[in-house]
Amino acid sequence: MHITENVPLAPLTTLGVGGRARFLVRASVAEHIEEAVSFARRRKLPLFVLGGGSNVVIADHGWAGLVLQVGIEGIDQHALADQVVFDVGAGVDWDRLVAHCVAEECAGIECLSGIPGSVGGTPVQNVGAYGQEVSETVASVHVFDTAENNFRDFSAAECGFSYRSSIFNSSQRGRHILVRVRYALSPGKPPALRYADLQKYFAGRDGMPTLAQTRDAVLSIRAGKGMLISPGDPDSRSAGSFFKNPVLSAEQHAELMRHASERGLQVPSYPALSQQHKISAAWLVENSGFAKGYVRGNTAISSKHALALVNRGGATASEIIALKSEIQAAVEHTWGIHLEPEPVFVGL
């Protein structure tokens, strides 16, 4: 295990903000994780696990403890009944895995193409997009339990998946470090076309699109919304969608509809959202006084997507947080709905 000191963290994130880590370890094998936890415990250092850096906002003063970056590689696969199980290292780039599974003609994660980050982060947040969530395909996860100081497996049911949530970012936050994830995909099955944008993309075309065509469509749609990491594109220097789509009760939804009608507005309804009683956070933002491209100092709302807060160059974490808070306050004042952020805040 190699330990480095005073490492800048901003370059390790897609948002590009944050200070330095007192210590950093990149674990290429599972044993490094156990050693790193032991090192932090002996020195009484706070421990933060960093994956692909795509869903974090790191404080300007950095992290005064140990940052553990899990870099475990490897994609193994085997047939099991009518499925193919992919056993994947937590450090594998997520989109590389999606591309591999699509090439193997295995359905289940094709709509999650283009999402930045590493495999280990996907079960933690129950990553989802365009009508799919990883909880639909996660068979089990292999973790290091820092409380028990041992490695163990969790079945999908034990992960406690819900919308953008699992036990790993809620009831047992910080206890388990993801080592490997097993996904059970369906060979030869058609792609999932539940999302309105995908249905619109393929409207008028004959026949069912292939998994590869669906992946290409998702990448194209994401790029058009600034949700694809593209060098040179200022709108892609973000942490992805910054706010979760709110889940409302029937009463809250009726109140929102009434309030919107009084203002001459219509709340959009999307099948993929309505199935889970969710509404569009982007619509709430744009109808609370924030247009795409809204600028606040060195930060801005993406010109392509109302949910992406971007670093225009030289932004600080404090500026990102100030913009976040400004948007939250306006949405709550206008609609009485509190927007929950998606990223993990480190040292804030």
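The values are calculated or read from the model by the stated rules, or taken from the named source; none is laboratory data. Quantities reported herein were computed from a predicted structural model and do not represent experimental measurements. All Cβ positions, glycine included, derive from the backbone under ideal geometry; neighbour counts span all protein chains shown. For accessibility, only protein heavy atoms count, side chains too; no ligands or nucleic acids. Shrake-Rupley method; radii C 1.70, N 1.55, O 1.52, S 1.80 Å.
Just a few scattered comments:
- Against the test of being among the small types (Gly, Ala, Ser), surrounded by fewer than 21 Cβ atoms within 10 Å (Cβ to Cβ) and without any contact (Cβ under 8 Å) to a residue 40 or more places away in the chain, the options 59, 81, 99 yield a single qualifying residue, 81.
- The range 58-108: number of residues that are among the aliphatic types (A, V, I, L, M) and over 30 Å from residue 217 (Cβ atoms): 8
- Looking across 185, 193, 198, one residue alone is of a type outside the set (Lys, Arg) and under 23 Å from residue 52 (Cβ atoms). It is 185.
- Residues of the range 138-149 that are within 17 Å of residue 90 (Cα to Cα) and either open to solvent by 40 Å² or more (accessible area, probe 1.4 Å) or not in a strand (DSSP E or B) (or both): 139, 142, 146.
- Subset of the range 294-307 that is in contact with an Asp or Glu (Cβ under 9 Å, 6 or more places away or on another chain) and assigned to a loop (DSSP other than H, G, I, E, B) - its residue that is surrounded by the fewest Cβ atoms within 10 Å (Cβ to Cβ): 297
- Pair list, Cβ under 6 Å, 6 or more apart: the range 290-313 residue without any contact (Cβ under 8 Å) to a residue 12 or more places away in the chain, other residue part of a loop (DSSP other than H, G, I, E, B) and open to solvent by 10 Å² or more (accessible area, probe 1.4 Å): 293/303
- Against the test of being open to solvent by 10 Å² or more (accessible area, probe 1.4 Å) and in contact (Cβ under 8 Å) with a residue 24 or more places away in the chain, the options 65, 91, 160 yield a single qualifying residue, 91.
Results for (1) over 18 Å from the mean Cα position of the chain (by Cα); (2) of a type in the set (Gly, Ala, Ser), shown as yes or no for each residue.
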residue: 89; (1), (2): no, yes
residue: 103; (1), (2): yes, yes
residue: 173; (1), (2): no, no
residue: 180; (1), (2): no, no
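- Residue match in the range 115-137 (condition: out of contact with any helix residue (DSSP H, G or I) (no Cβ under 6 Å at 6 or more places or on another chain), in a loop (DSSP other than H, G, I, E, B) and open to solvent by 30 Å² or more (accessible area, probe 1.4 Å)): yes
- Those residues of the range 41-71 which are out of contact with any helix residue (DSSP H, G or I) (no Cβ under 7 Å at 6 or more places or on another chain) and part of a loop (DSSP other than H, G, I, E, B), in sequence order: 43, 44, 45, 46, 54, 61, 62, 71
- When restricted to residues that are free of Cβ contacts under 8 Å to residues at least 60 places away in the same chain and either within 27 Å of residue 277 (Cα to Cα) or in contact with a strand residue (DSSP E or B) (Cβ under 8 Å, 6 or more places away or on another chain) (or both), the range 143-157 contains 9.
- Residue 72 being closer than 22 Å to residue 123 by Cβ, within 21 Å of the chain's Cα centre (by Cα) and modelled with pLDDT of 95 or more: yes
- Note on the range 308-333: residues that are in contact with a Lys or Arg (Cβ under 9 Å, 6 or more places away or on another chain) and either of a type outside the set (S, T, N, Q) or not in a strand (DSSP E or B) (or both) amount to 10.
- Within the range 199-238, the set of residues being more than 28 Å from residue 315 (Cα to Cα) and open to solvent by less than 40 Å² (accessible area, probe 1.4 Å) comprises 202, 209, 211, 214, 215, 217, 218.
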